[in-house]
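Below is one structure, written out as structure tokens; comments come after it.
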Amino acid sequence: MRVLVCGIAVMDYVHRVETLPQGGAKHRSFAFERIGGGCAANAAVGAARLGGEVTLMTRLGRDATGDELAAMLTAQGLRPAFARGGATPLSSVMVDRAGERMIVNFPGSDLPETPPPVPEFDVALADCRWPQATEAVLRAARKAGRPAVLDGEKFTPAPLAALATHVVFSAPGLRDFTGIDALPRALADAAARLPGQVAYTDGPDGVHWANGPHVPAPKVHAVDTLGAGDLWHGAFALALGRGADLTAASAFANTAAAHKCSRAGGWTTYPTHSELETPCP
């Protein structure tokens, strides 16, 4: 299954802390990692570990961090469709003992706007961090009659969302898109405005589809939620491309994300397809 993922890749500086910091005082971490991250990169690695043949279309700085991140991505088995230039995106991440996280993101600077040619694919997934490339991918999917999933974070442009066959918002992303705080009303509003299938994910509550199923998530002792939502999107797109219906694709993605939440760490802790056959801890 050829999966094309388009969007942001980031170098993450991850601090493990007792509690998430507040205020302007100094704070101390008890562990630190420098790992690859970003919505699209995480989703791409997750889909690859679950058996997909994945191409990642992303932009990296023409700097030492970009070189290192490019090597990390290809080492995960991803096929590169990289545009290089400017400064690589970075994030400072804090994860507490309960697995919750706080992220401060530098989105890069002077990055290329023009995407490379869109590779061949069976299913596509995109975020909105590189809008020119996302539009090219979604239009290519529409022309080819292929499923195309949009990761609906905050600041999702309505014209891009209208091009996707499936828009899966986070709860904050859905509230931002609609301006409505109550999630059921916000979901109905988004579904009325968009032509494709629309849903939102809400952590342990699973995923809610407009005019469709609520697929609950497995119960799990969460130790690290970093990247779990991105992995959800990668797993969902892969399952959708394999022909699963909404319920089955959502359940597959829920299970993959739950496994991730039960483990601390980055890409190397993402589950493989065989690991999904065992219950979450």
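Taken together, the values in this text are just the output of simple stated rules run on the coordinates, not laboratory data. As the structure is a prediction and not an experimental result, all values here were calculated from the model. Cβ coordinates were reconstructed from backbone atoms using ideal geometry, including for glycine residues, and neighbour counts include every protein chain displayed.
Counting only the backbone N, which residues of the range 91-112 are under 17 Å from the spot 7 Å out from the Cα of ASP63 toward its beta-carbon? Under cut-off, by backbone N: 91-93, 104-112.
Note down the magnitude of the dipole of the range 120-260 about its Cα centre, charges +1 on Lys and Arg C-beta and -1 on Asp and Glu C-beta and zero elsewhere, to the nearest 20 debye. Can you show the working numbers first?
Details: 12 positive and 14 negative charges, 54 e Å.
With only Lys, Arg, Asp and Glu charged at Cβ, the dipole is about 260 debye.
Mean sequence separation of contacting Cα pairs (under 8 Å, at least six apart), scaled by the length of the chain, corresponds to a relative contact order of 19 percent.
Relative to its residue count, the range 206-250 spans a Cα convex hull of 74 Å³ per residue.
Take every Cα pair under 8 Å whose residues are at least 6 apart in sequence, average their separation, divide by the length of the range 137-281, and the relative contact order is 17 percent. Extending 7 Å from Cα along the Cβ direction at ALA248 and again at ARG2 yields two label points whose distance is 2.3 nm.
Where does the chain land at 222 nm, in deg cm²/dmol rounded to the nearest 500, when only DSSP H runs of n ≥ 4 count, each adding -39500 (n - 2.57), divided by all residues? List each step's numbers first, then the result.
Numbers: 8 runs with 90 residues, N = 281.
Theoretical 222 nm ellipticity from helices: -10000 deg cm²/dmol.
For the chain, a simple Cβ point-charge model (Lys and Arg +1, Asp and Glu -1, everything else neutral) yields a dipole of about 140 debye relative to the Cα centre.
Modelled spin labels at GLU113 and ALA182, positioned 7 Å past Cα toward Cβ, are 4.1 nm from each other. Based on Cα contacts under 8 Å between residues 6+ apart, the range 54-166 shows a relative contact order of 20 percent. For the range 70-226, a/c is not less than 1.5, where a ≥ b ≥ c are the root eigenvalues of the C-alpha gyration tensor, and a/b does not top b/c. That puts it in the oblate class.
Using packing as a proxy for protection, rank 235-244, 213-222 so that the peptide with the highest average count of other Cβ atoms within 10 Å comes first.
Details: 235-244: 24.2, 213-222: 16.1.
My ranking of the peptides, most packed first, is 235-244, 213-222.
Take 152-164, 119-131 and order them by the average number of nearby Cβ atoms within 10 Å per residue, most first; the result is 119-131, 152-164.
Averaging 1/r over each pair of different alpha-carbon atoms in the range 40-114 and inverting the result gives 13.4 Å, the Kirkwood hydrodynamic radius. In plain terms, the C-alpha convex hull of the chain casts an average shadow of 14.0 nm² when viewed from every direction. Here, the range 158-249 is characterised by an Rg to Rh ratio of 0.95, where Rg is the alpha-carbon radius of gyration and Rh the Kirkwood radius.
Only one residue of ALA228, TRP267, LEU125 has its Cα farthest out toward the positive end of the dipole of the chain, where Lys and Arg carry +1 and Asp and Glu -1 on Cβ, and that residue is LEU125.
With r as the distance between the Cβ atoms of GLN22 and ALA144 and R0 = 45 Å, compute the FRET efficiency 1/(1 + (r/R0)^6) and round to 0.05. It would help to have the intermediate numbers written out before the result.
Working: r = 48 Å, r/R0 = 1.08.
Between ALA144 and GLN22 the formula returns 0.40.
Once both labels are positioned 7 Å from their Cα atoms along Cα-to-Cβ, the gap between HIS273 and LYS219 label points is 3.0 nm. Report P(r) for the range 1-62: all Cα-Cα distances, bin width 5 Å, range 0 to the bin holding the largest distance, values in whole percent. The percentages, shortest bin first, are 4, 16, 19, 16, 13, 12, 11, 6, 3, 1.
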